[in-house]
Amino acid sequence: MTAINAVTDYTLDGDVGVITLNSPPVNALSRGVLEGIAFGMQAAVADPGAKAIVLICEGRTFIAGADIGGLGSRREERPIDPMGELERSPKPVIAAIHGTALGGGLEAALCCNYRVAVPSARCGLPEVNLGLLPGAGGTQRLPRLVGPQKALEMMTSGMHVPARQCLEMGVVDELVEEGKLREGAIAFARKVLAENRPLRKVRDISEKVEAARGHPEIFAEFRKANARKFRGFMAPEWNIRCIEAAVNQPFDEGIKTEQKLFRELLAGEQSAAQRYAFFAERQANKIPDVPDDTPLIPVNSVGIIGAGTMGGGIAMNFANAGIPVTIVEVKQDALDRGLGVIRKNYERTASRGGITAADVEKRMGLITGSLDMNALAPVDMVIEAVFERMDIKKDIFSKLDAICKPGAILATNTSALNIDEIASVTKRPEAVIGLHFFSPANVMKLLEVVRADHTSKPVIATSMKLAKKIGKVAALVGVCPGFVGNRILGQRQREAQKLMFEGAMPWDIDRVMYDFGFPMGPFAMSDLAGLDIGWVKENSRGETIRDALCELDRRGQKTGAGYYDYDENRVAHPSPVTEKIIQDFVARSGVNARTITDEEILERCLYPMVNEGAKILEEGMAIRASDIDVIWENGYGWPVYRGGPMWWGDQIGLDKVLAGMKKLQAQMGDLYKPAALLEKMVAEGKNFTRV
Ligand code: T1G
């Protein structure tokens, strides 16, 4: 065995030279890995005993892409050409794939003559999720292997394709036995030699791209079908343009196009924000006083109290992860209804091909209904998801305390109530934690894990790990009104309401939020959710615009009218009825309505969010600014290409945010008082997220 460098070694196994990379955690294409490939290839090519070459990785995965943290940093180093060394080899080169061959990792594999993989492996070009595109030839090679349509789907979604599908598409040439990748790859190399197979280069395979030449409709139709999903993002369009180049330009010209468009994205604000978001999501799992080796509590069974919208959605998360769930209701009809909704959700997913009918039955089989809380005695964790009333929650937790086994975690899904108060009725406050799911709980990625005063470190560590297991993005927050996400949302909602009394119409405010990149604005959201949440007809006195609308039975989309009028296709239209109601309210309030610019609407809605984030950090209700950004991207639709409220505040300039808050404070009082931390950051020339 020859050490090529610190992360690469070369061995001759019979007549096959094996280059092995070992650079934890994911064999990312650091300078060392790149040199390891280049110099390892030179050694293998020079080795007379090697008739074929295998490129393989130790650890959890084949190369999972470029070293994202190092992207964009300029370093003057000796030029090397690892991809060229692979592709120009005079001996057959076989990539041996396990784990996830992603981005530059798959691109390296595509420079090899052949690729083998274990069935559990997955391949993808997910650069789009980082606001980028494959910058090492993948945009030109992948379409040549799989055709432009599949390349469009893979590269603009960033999907990880399972090995079996990769085999069917031609990305992988053979599946080898699980756990025997090295042997399988060497055997495949020997087969290539024995059959005297050609030194096939992906760059020379042109049938599929030539067949697409002269059919611009492939791209036009794809763009049209995905316009809504790609709205505001640059990277999907730039990926599409590279695939068009693969179809219409010779390979080397296409590479030049790829390089040009890659550099444009890498230099842009969107990719900087999306690469920040990638690390922010992973940083959120790191809790300074809860070390990685904190013992975990096994959670192999879960109880849910409440089979309503939230309880049902939460239950699905665990069934999806193969964890048995007992869901408890108080009445049979509520339980039956809840289980029926779960089944319907699964069947809808199956009808779209997302899961199979067998998956539906398997997951439903993991969910047991009960009317008896004692059924929760053996479970490892209970999540309470009932009405937001403290008396009801206290009653439930005192019962759970008596029923559940020692060591069971008692979690509440409350979105705002004080978890310390809930914990106070139990003898095990150390086992009480908040797991704040977002509706629909089986869809929304965000989970706010709420640490109460006495919550133990094992319970926190277990909850954070469990979040990842059920496919959630978790952030640890503290006990305060609205925790972090809703507390910041309250700032935006208040300003939106106030702007209506100053002359802005709901559709003006929604448009500004939509154009900023949110999926929809606050008023469209309210119409979707229903204006009558918490509204009681008998007590309604028309004191607010919402009351006035509900009293006219304008309770949102479900009644065909709310802030907006909805046509038969549920398309929202500004409503003269709503406009009149608002104008009457404004007239009665004595305020002189004025024209409010889009810029003022944006600042009024977003600056107080940044300021509230600063207060949250001051109070220790979030560990770091990027956790706040993770929460707002994954729970409230903040556009990931804008990084999150705290990243955005840095981008705008905290001095500008501070000046804006001071101006509002001077005009409208201390509600807009700048956070001390915001003042401090500006005084010290610091920012929240830029490292
Ligand atoms: N670069 C640097 N660090 C990375 C990394 C990467 N590509 N991928 C993962 N990590 C770190 C991550 O920060 C974490 O660190 C640890 O590895 C485990 O990750 C030229 C330009 C591979 C599916 O986009 O999708 O190639 O927190 O917690 O859930 O065209 O990581 O432990 O300190 O996510 O098992 C393209 C990104 C790059 C893949 C594993 N590649 N990574 O998921 O573990 S751009 C990607 C992932 C590119 C070329 C272009 C996932 C994973 P720490 P993890 P996981």
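Using 25 Å as the Cα-Cα cut-off, could you pick out the over-long pairs in 201/256; 286/686; 229/362; 260/286? Violating the 25 Å limit, Cα to Cα: 229/362; 260/286. Annotation: per residue accessible area for the range 382-468 equals 38 Å², rounded to a whole number [probe 1.4 Å, protein chains only]. Restricting attention to the range 458-601, the count of lysine pairs at 8 or more positions apart or across chains with alpha carbons under 29 Å apart stands at 6. Largest to smallest in accessible area, the residues 395, 567, 453 fall in the order 453, 395, 567 (1.4 Å probe, all protein chains included).
Our summary gives the chain a relative contact order of 8 percent, counting only alpha carbon pairs under 8 angstrom and 6 or more residues apart. Peptides 162-168, 548-554, 149-155, ordered by how many other C-beta atoms sit within 10 Å of their residues on average, highest first, read 149-155, 548-554, 162-168. Under 20 Å from a label point set 7 Å out along the Cα-to-Cβ vector of residue 424, the amide N atoms of the range 441-463 belong to 450-456. At a Cα cut-off below 16 Å, give the aspartates and glutamates reachable from residue 393, other chains included and same-chain residues fewer than 8 away excluded. In chain and number order, the partners are 329, 384, 401, 420, 421. Counting only protein heavy atoms and a 1.4 Å probe, the range 271-381 has 47 square angstrom of accessible area per residue. Each of 602, 133 has its accessible area taken with a 1.4 Å probe; listed largest first, they run 602, 133. Taking the centroid of alpha carbons for each part, the range 656-685 and the range 94-149 are 48 Å apart.
Ranked by the mean number of other Cβ atoms within 10 Å per residue, highest first, peptides 345-354, 380-389, 87-96 order as 87-96, 380-389, 345-354.
Taken over the C-alpha atoms, the chain has Rg and Dmax values of 28.3, 92 angstrom. Label separation (residue 200 vs residue 370): 5.6 nm, computed from points 7 Å beyond Cα along the C-beta direction.
Only beta bridges with both residues in the range 2-267 are counted; by DSSP, about 35 percent of them are antiparallel.
For the chain, carbon and sulfur atoms together expose 54% of the accessible surface, with a 1.4 angstrom probe and every protein chain in place. Peptides 272-278, 60-66, 440-446, 46-52, ordered by how many other C-beta atoms sit within 10 Å of their residues on average, highest first, read 60-66, 272-278, 440-446, 46-52. Where a Cα-Cα gap under 18 Å defines reach, which aspartates and glutamates qualify for residue 344, not counting those fewer than 8 residues away within the same chain? Counting by Cα, and skipping residues close in sequence, residue 344 has these aspartates and glutamates nearby: 333, 336, 359, 361.
Largest to smallest in accessible area, the residues 39, 516 fall in the order 39, 516 (1.4 Å probe, all protein chains included). Two tests apply to each whole DSSP H helix in the chain, Cα reach of 24 Å or more along its axis and mean Kyte-Doolittle hydropathy of at least -1.0, and the ones passing both are 332-351, 598-618.
Across the range 280-421, C-alpha contacts under 8 Å between residues 6 or more apart give a mean separation that, scaled by the residue count, equals a relative contact order of 26 percent. For the range 598-683, relative contact order (Cα pairs under 8 Å, six or more residues apart, normalised by length) works out to 32 percent.
The values are calculated or read from the model by the stated rules, or taken from the named source; none is laboratory data. Model, not experiment: these values are computed from the prediction. Every residue, glycine as well, gets a Cβ built from its backbone with ideal geometry; the counts of neighbours run over all protein chains shown. Protein only, heavy atoms only, side chains kept; ligands, DNA and RNA dropped before computing areas. Shrake-Rupley method; radii C 1.70, N 1.55, O 1.52, S 1.80 Å.
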